[in-house]
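Read-outs: derived from the displayed coordinates by stated rules, not from any lab. What you are looking at is a predicted structure, and each value in this text was computed from that prediction instead of being measured. Glycine gets a Cβ as well: all are built from the backbone with ideal geometry, and neighbour counts include every protein chain shown.
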């Protein structure tokens, strides 16, 4: 089973549905107003533990205080 997040166009409520991946394309109804919800894509809920990742240029992951490349080098978090 996978968990999918939907957003109702009518009442703007977010709701989650657990269903098999084979049914991921099926439309789901909002539990509050019963109109069709649109699927919202979210980041996976994955946590990676362990030592920070070292890149070729010497930067470390955001966990260690360096940049993880999320803004493609356009943020102020990157340490040089």
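I need the calculated FRET efficiency for the pair residue 16 and residue 51, taking r as the beta carbon distance and R₀ as 25 Å, to the nearest 0.05. Approximately 0.15, to the nearest 0.05. If a paramagnetic tag sat 7 Å from the Cα of residue 43 along the Cα-Cβ line, which residues of region 1-29 would have the backbone N under 19 Å from that point? Under cut-off, by backbone N: 3-6.
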